[in-house]
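Engineer: Submitted below is the structure of interest, expressed as structure tokens.
Each reported figure results from applying straightforward, stated rules to the coordinates on display, with no laboratory input. Nothing here was measured: the structure is a model prediction, and the numbers come from that model. Note: ideal-geometry Cβ built from the backbone for every residue, glycine included; neighbour counts use all protein chains shown.
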Amino acid sequence: MLRRLLTIALLGAALTAPLPAQAGTEPDPHFEEPVVGDCYNYGWSVFIGPHDTSAPVGCGTKHTAKVHHVFQLPASLDWSASDAEILRQVSKRCNPSWDDWMGRGQRTIARTAYYGAWFSPTQAQRDAGARWIRCDIVMLKSRGLAPLPKNKAPMIPKPMIKRVQKCLVGKKRLTTPCNYKHQWKATGSFEMGGSYPSSDKFRKVALSRCPQLVNSRRWLYEYPSRTQWKSGYKIVVCYTKTTS
């Protein structure tokens with residue numbers, strides 16, 4: 001989830017102050033509030049945007065997203081709050097649910113292609129009083145989304161399957177499930193602690209730990225950003241070179 005939160009922060013999802021509700025109507029903070037467990041079939045353009053206006057689809061049909069949590073902004077905040085403050089609320093409220101739905105520890109979750117998305121109400125919904133935020137589970141597939149392989153918790157099966165496992169593809173090494181073409185596979189991970197390390201420190205630790213977690217002479221490692229680290233995500237992932 002934290003990986004997605006960083007992406008949203010960089011994309012700068014617009015958060016604007018709502019207009020007053022129409023005269024004679026009471027603002028409804030739950031106006032058109034999404035339902036936990038609903039499924040959606042949106043693509044990349046919706047994933048990187050601040051709102052989703054599509055309708056839910058049947059979870060027994062092809063879908064790329066599942067709502068795992070919905071929460072209300074605290075009374076101390078409104079939509080004029082900074083992106084950073086909204087992001088803190090998303091991290092605080094959605095991460096525990098995300099972990100529950102995944103059903104595995106952070107080190108295992110980091111080796112999957114699952115990612116998190118979150119959406120706020122449209123301006124029209126805010127005008128009606130909406131104060132909810134919706135958090136989704138998606139699965140990355142290069143610069144797109146793959147159909148979700150599971151509908152119920154735990155989303156990560158034992159043992160790990162290719163449709164869930166994280167691989168990297170192309171020169172930019174984009175995340176994709178391992179049942180698609182790829183060149184690198186996430187085969188190991190470990191957690192670090194303390195204050196945020198320098199890039200040299202990450203490299204030294206990876207050189208010490210990753211060789212025991214990969215199956216090839218050539219390998220890669222991925223470490224968290226400072227923002228992710230501050231939010232509690234301190235996992236380093238090691239990748240084996242593959243021939244797929």
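Engineer: Can you grab the distance from the C-alpha centre of segment 112-158 to the C-alpha centre of segment 159-235, Å, no decimals?
Structural biologist: 23 Å
Engineer: A further question on this structure: For Met139, what residues show an amide H to amide H distance below 5 Å, using hydrogens built from the backbone and excluding near sequence neighbours?
Structural biologist: Under 5 Å from the amide H of Met139: Tyr115, Ala146.
Engineer: Right, something else. Can you name the helices of the chain, as whole DSSP H runs, whose Cα span along the helix axis is 20 Å or more and whose Kyte-Doolittle mean is not below -0.5?
Structural biologist: Numbers: long enough: 83-102 (26 Å, -1.01).
Long hydrophobic helices here: none detected.
Engineer: Can you tell me the FRET efficiency between Glu191 and Gln123 if r is taken as the Cβ-Cβ distance and R0 is 45 Å, rounded to the nearest 0.05?
Structural biologist: On the way: r = 41 Å, r/R0 = 0.91.
FRET efficiency, Glu191 to Gln123: 0.65.
Engineer: Next question. Which whole-number percent gives the relative contact order of the chain, counting Cα pairs below 8 Å spaced six or more residues apart? Show your work: numbers first, answer last.
Structural biologist: Details: 456 pairs, mean separation 50.2, N = 244.
Answer for the chain is 21 percent.
Engineer: Compute the whole-percent fraction of alpha carbon pairs in segment 64-169 spaced more than 18 Å apart.
Structural biologist: 53 percent
Engineer: While we're here: Which loop trypsin sites (Lys or Arg not before Pro) in segment 117-208, with loop taken from DSSP, have no more than 15 other Cβ atoms within 10 angstrom of their Cβ? Can you show the working numbers first?
Structural biologist: On the way: sites: Arg126, Arg131, Arg134, Lys141, Arg143, Lys150, Lys152, Lys162, Arg163, Lys166, Lys171, Lys172, Arg173, Lys181, Lys185, Lys201, Arg203, Lys204; in loops: Arg131, Lys141, Arg143, Lys150, Lys152, Lys162, Arg163, Lys171, Lys172, Arg173, Lys181.
Counting only loop positions with at most 15 other Cβ atoms within 10 Å, the trypsin sites (Lys or Arg not before Pro) in segment 117-208 are Arg143, Lys152, Lys162, Lys171, Lys172, Arg173, Lys181.
Engineer: If you plug each phi of segment 105-110 into the Karplus form 6.51 cos²θ - 1.76 cosθ + 1.60 with θ = phi - 60°, what whole-Hz ³J(HN,Hα) values come out, in order, with x for Gly and Pro?
Structural biologist: Karplus-based 3J(HN,Hα) across segment 105-110 equals x, 4, 5, 6, 4, 5 Hz.
Engineer: Charges at C-beta only: +1 for Lys and Arg, -1 for Asp and Glu. How large is the resulting dipole of the chain about its Cα centre, in Debye rounded to 20? Mind showing how you got there, number by number?
Structural biologist: Numbers: 36 positive and 16 negative charges, 435 e Å.
Result for the chain is approximately 2080 debye, rounded to the nearest 20.
Engineer: May I pose another question? If you project the alpha carbons of segment 183-244 onto their three principal axes, what span does each projection cover, largest first, in Å?
Structural biologist: On the principal axes, segment 183-244 reaches 36, 19, 15 Å in Cα extent.
Engineer: Counting pairs on different chains as well as pairs 8 or more places apart, how many Lys pairs in segment 2-157 have Cα atoms under 17 Å apart?
Structural biologist: Working: Lys62/Lys141; Lys62/Lys150; Lys62/Lys152; Lys66/Lys141; Lys66/Lys150; Lys66/Lys152; Lys141/Lys150.
For segment 2-157, the number of qualifying lysine pairs is 7.
Engineer: Got a sec? Charge dipole of the chain, +1 on Cβ for Lys and Arg, -1 for Asp and Glu; which of Val36, Trp184, Pro50 is way out at the positive end?
Structural biologist: Selected residue: Trp184.
Engineer: How far apart, in nm, are the 7 Å Cα→Cβ label points at Ile48 and Ala84?
Structural biologist: Placing both labels 7 Å along Cα→Cβ, they lie 2.5 nm apart.
Engineer: In percent, how large is the relative contact order of segment 183-244, given Cα pairs closer than 8 Å and 6 or more residues apart? Don't skip to the end; give the middle numbers.
Structural biologist: On the way: 88 pairs, mean separation 33.1, N = 62.
Relative contact order comes out at 53 percent.
Engineer: Semi-axes of the equivalent ellipsoid for the chain, please: Cα gyration tensor eigenvalues, times 5, square-rooted, ordered largest first, whole Å. Mind showing how you got there, number by number?
Structural biologist: Working: eigenvalues 241, 84, 40 Å².
They are 35, 21, 14 Å, listed from largest to smallest.
Engineer: In whole angstrom, how long is each semi-axis of the equivalent ellipsoid of segment 126-244, when you take the square root of 5 times every eigenvalue of its Cα gyration tensor and sort them from largest down? Before the final figure, lay out each step's value.
Structural biologist: Numbers: eigenvalues 154, 96, 36 Å².
In descending order, the three semi-axes are 28, 22, 13 Å.
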